Amino acid sequence: MQFSHNSKYLFLYFIKYKKEFETSFVIDDDSLRNKLIAQYGNYFISSKGLKNKLYILSAKTWITSSFETPIGGCFHKFRRNVFHLGHGSPLKNIGLLEENIFLFKKVYYSIIKYNFSYFFSVSDVFHKTWQNSLHLKNNQILLSGQSRNDVRLHFNQLELEKKYLESGYKHILYAPTWRPYGDTELCPFKDLDLNILNDFLLDNKIKIHLRLHPCFDDQEINSLLTLTNISILDSNELPDINELLFSFDLLITDYSSIYIDFLMTEKPVLFLPYDIDVYEKYVGFSIDYYKYTPGPKPECMQDFMIDILKLLNSDFYKKERLLVNELLNPILNNQSDGNAEIILSKLV
């Protein structure tokens, strides 16, 4: 298991604000576990060895962000409550709703659901998606914000801003989605001119930070990195983008649900769904993409630059953002502060 996503932030909430609970985090990587113990204290354990396994199995509550449980196996929910926090809103089809799903995955999803007592959802908009993804009962879906968006738990935010976001500039996060059927195109415009784009960024004091999947094509990345104001936020150096997400002035994405988190800041989003027909065929969406993506979708570089300036310097699409935010993030809590308390109230 990794120290990431919603499980990480709910764990940080417990060890800082709810010390009356006995809280442990399972990390089997010895090096990472020792590093985390040095940083946070002796809260981290391994699932290796009989003693550790018996301790984990004795717990009344398990919490995870994925289908991976502290100990492998089936039917874990019958001896304890097992909560699935998820690691993002299900904008794309998931579970049994996946396009072109193989038989062995259907069998896997049909069995794995018996490991979990409850699933958290950020909005009623996604309720049916969660329910149909694993054929869950209605009462297994719990409504709550995501602990990873609880701003009180972003302990390193100011430090990271100083390191990555130079003052005096507008900072844009460009976070495209990985595609199972082919390469992801960056700035996918037929009229793309790197010299013009470079001048535009320099003249308007804008920096673009790329957050890419590890399997990305290096050749395409390298061509953009010749531009003065474009850089990569490497996942090896900055493993958790959530700690810095709310500090950006604008987000660019295509089909990543990261924009749903970013909407809570009320800051602008620009979308580049250049291959939406192909993506819908191979992956699919759980909701109406165009209805719930409140931002411009430029198809040429000229419009791309114009839309960026309008988003950064006016209320362009603000009304639409606020409306969609109320639908996809109904538990606003002063832009997400307090999500961990809501989750706790449903755990006990």
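Annotations
- Note on Gln131 and Lys205: the extension gain reaches 22.1 nm, defined as 0.36 nm multiplied by sequence separation minus the Cα-Cα distance.
- Among 200-207, 18-25, the order from most to least packed when residues are scored by Cβ within 10 Å on average: 200-207, 18-25
- The separation of region 135-186 from region 274-326, counted between C-alpha centres, amounts to 17 Å.
- Per-residue Karplus couplings for region 278-289, computed as 6.51 cos²θ - 1.76 cosθ + 1.60 with θ equal to phi - 60°, are listed in order as 5, 4, 5, 5, 8, 10, x, 10, 8, 9, 5, 4 Hz, Gly and Pro entered as x.
- Cβ charges +1 (Lys, Arg) and -1 (Asp, Glu), total dipole of region 159-334, debye: 480 debye
- Given Lys18/Lys105; Lys8/Lys318; Lys113/Lys281; Lys105/Lys128, the pairs whose alpha carbons are separated by over 28 Å: Lys18/Lys105; Lys8/Lys318
- Taking the Cα centre of the chain as origin and assigning +1 to Lys and Arg Cβ atoms and -1 to Asp and Glu Cβ atoms, the resulting dipole is close to 2040 debye.
- Burial order of peptide ranges 269-278, 99-108 (average beta-carbon count within 10 Å, highest first): 269-278, 99-108
- Kyte-Doolittle mean at least 0.0, axial Cα span of 27 Å or more - DSSP H helices of the chain: none
Just so you know, all these numbers are worked out from the coordinates, no wet-lab data involved. All of these numbers come straight from a predicted model, not from anything done at the bench. Here the Cβ is made from the backbone with ideal geometry for all residues, glycine too, and neighbour counts use every protein chain on show.
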